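Asker: I am attaching a structure below and will ask some questions about it afterwards.
Please treat every number below as a calculation from the coordinates, not as lab data. It should be emphasised that the depicted structure is a prediction, and the values quoted were computed from it without experimental measurement. When we count neighbours, we look across all protein chains shown, and the Cβ atoms used for this are built from the backbone with ideal geometry, even at glycine.
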Amino acid sequence: MPDRLMLLDSASLYFRAFYGVPDTVKAPDGTPVNAARGFLDIIAKLVTMYEPTHLVACWDDDWRPQWRVDLIPSYKTHRVAEVVEDAPDVEVVPDPLEVQVPIILETLSALGIAVVGAPEHEADDVIGTLASTASMPVDIVTGDRDLFQLIDDDRDVRVVYTARGMSNLEVLTDDTVFSKYGVHARQYADFAVMRGDSSDGLPGVAGIGDKTASTLLSAHDTLDGIIAAAREGEGMTAAQRAKVLAALDYLAVAPTVVEVVRTLELTVPPDELTPLNDEQQDAAHALAERWALGSSMDRAIAALAR
């Protein structure tokens, strides 16, 4: 089997699991475990379908880094439950999910799956660094369009996109991105800057949506090219030029917020997938019994043994 690295956008997946599995699923002590069970089922399905040889669960050590907020104060503001000075802000997370995050971490450890985060950075940045420095093909599993910018056909970096559900996974390449948005993956960050994203609190350029953003990138290739053309008054309509020039302050900082970091210094524990030995299986089953993870843990163990 050829080497292939799979990178999990962990929060994206456990949120999907939480809303996809009934919250009536509980441990013997009454703790909800729907997200934990669903997350295990997701891992089992992904490993079985795509056969990675290496797997990393990428983690949000800071889901809303201050350095991004300093550049665009509205960044993810609507998802803040509490602002914490000198520490990551508290995100709005349903209580029944929040109590399961430590359980999810326990299950990942029991399965020998590497968990990697970075101080003052999001999981996206961990994914960006690992995908950009990998010596093997990469599958990025996410429901976040921002990670489309990492797709690289030359290096066989793909996105397994979960937005339509785990029964309708899409494998995205540069051609797929171009067919959807009219831009290449290398242009996607600039496209997202211009279009904006209400789910992340990014305003975008007022009056410019998907179609205009893709048209301008088709004509000028990059955001820098678009700005240069607007300043020179060439290659766009007067209305487009006015909109770009009015947004210059935003355009000066937004790329740093939108572009994922690719140069983190990460310590990555062993990430090669191997079948669990008898002792590890016993520990995993004991954990499953404690939290009523049952057949979900069985499926994950079986997938790792394939």
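Asker: Along the Cα-to-Cβ line of residue 280, 7 Å from the Cα, sits a label point; which residues in the stretch 87-113 have backbone N less than 14 Å from it?
Answerer: 107-113
Asker: Per-residue HN-Hα couplings for the stretch 108-121, Karplus 6.51 cos²θ - 1.76 cosθ + 1.60 at θ = phi - 60°, whole Hz, x for Gly and Pro?
Answerer: Ordered by residue, 3J(HN,Hα) equals 5, 5, 5, 8, x, 8, 5, 10, 10, x, 8, x, 6, 9 Hz.
Asker: Please list the non-local residues whose amide H lies under 5 Å from the amide H of residue 197, H modeled 1.01 Å from N, same-chain partners needing a gap of 5 or more.
Answerer: Close amide H contacts, sequence-distant or interchain: 202, 204.
Asker: What's the FRET efficiency of residue 210 with residue 305 using the Cβ-Cβ distance as r and R₀ = 51 Å, to the nearest 0.05?
Answerer: Plugging the Cβ-Cβ distance into 1/(1 + (r/R0)^6) gives 0.70.
Asker: Express the relative contact order of the stretch 185-258 as a whole percentage, based on alpha carbon pairs under 8 Å and six or more residues apart in sequence.
Answerer: 33 percent
Asker: Please report 173, 212, 142 as a ranked list, fewest other C-beta atoms within 10 angstrom at the top and most at the bottom.
Answerer: Ascending number of Cβ neighbours within 10 Å: 173, 212, 142.
Asker: Using +1 on the beta carbon of Lys and Arg, -1 on that of Asp and Glu, and nothing else charged, what's the dipole of the chain about the Cα centre, debye to 20?
Answerer: It works out to roughly 1080 debye.
Asker: Binning at 5 Å from 0, report for the stretch 185-258 what percent of all alpha-carbon pair distances ends up in each bin.
Answerer: P(r) for the stretch 185-258, in whole percents per bin: 3, 18, 34, 29, 12, 4, 0.
Asker: Roughly how many nanometres apart are two label points built 7 Å out from the Cα toward the Cβ at residue 85 and residue 170?
Answerer: The answer from the label model is 4.5 nm.
Asker: Please report the antiparallel percentage of DSSP beta bridges with both residues in the chain, rounded to the nearest 5.
Answerer: The answer is about 35 percent antiparallel.
Asker: Now a separate question. Once a ≥ b ≥ c are taken as the square roots of the eigenvalues of the Cα gyration tensor of the chain, is the result rounded (a/c under 1.5), prolate (a/b larger than b/c) or oblate (a/b not larger than b/c)?
Answerer: Prolate is the answer for the chain, as a/c is 1.5 or above and a/b outweighs b/c.
Asker: What's the local net charge at residue 15, with K and R +1, D and E -1, over the other residues with C-beta under 12 Å away?
Answerer: My count for the surroundings of residue 15 gives -3.
Asker: To continue, here is another question. Ordered by residue, what ³J(HN,Hα) values in Hz, to whole numbers, does the stretch 294-303 give under the Karplus form 6.51 cos²θ - 1.76 cosθ + 1.60, where θ = phi - 60° and Gly and Pro are x?
Answerer: x, 5, 5, 5, 4, 5, 5, 4, 5, 5
Asker: For a quick check: sort 39, 178, 191, 15 by the number of other beta carbons within 10 angstrom, fewest at the front.
Answerer: 178, 15, 191, 39
Asker: Using only DSSP helix segments of four residues or longer, with each worth -39500 (n - 2.57), what per-residue ellipticity at 222 nm results for the chain after dividing by its residue count and rounding to 500?
Answerer: It comes out at -13500 deg cm²/dmol, rounded to the nearest 500.
Asker: Where the only charges are on Cβ atoms (+1 Lys, Arg; -1 Asp, Glu), what is the dipole of the stretch 164-306 about its Cα centre, to the nearest 20 debye?
Answerer: Here the size comes out at about 680 debye.
Asker: Using a Förster radius of 51 Å, what is the FRET efficiency between residue 237 and residue 272 based on their Cβ-Cβ separation? Nearest 0.05, please.
Answerer: 0.40
Asker: Cross-link candidates for residue 180: which lysines have Cα within less than 28 Å, leaving aside residues fewer than 8 places away along the same chain?
Answerer: Cross-link targets: 45, 76, 211, 243.
Asker: For a footprinting-style exposure proxy, rank 42, 226 by other Cβ within 10 Å, fewest first.
Answerer: Lowest count first: 42, 226.
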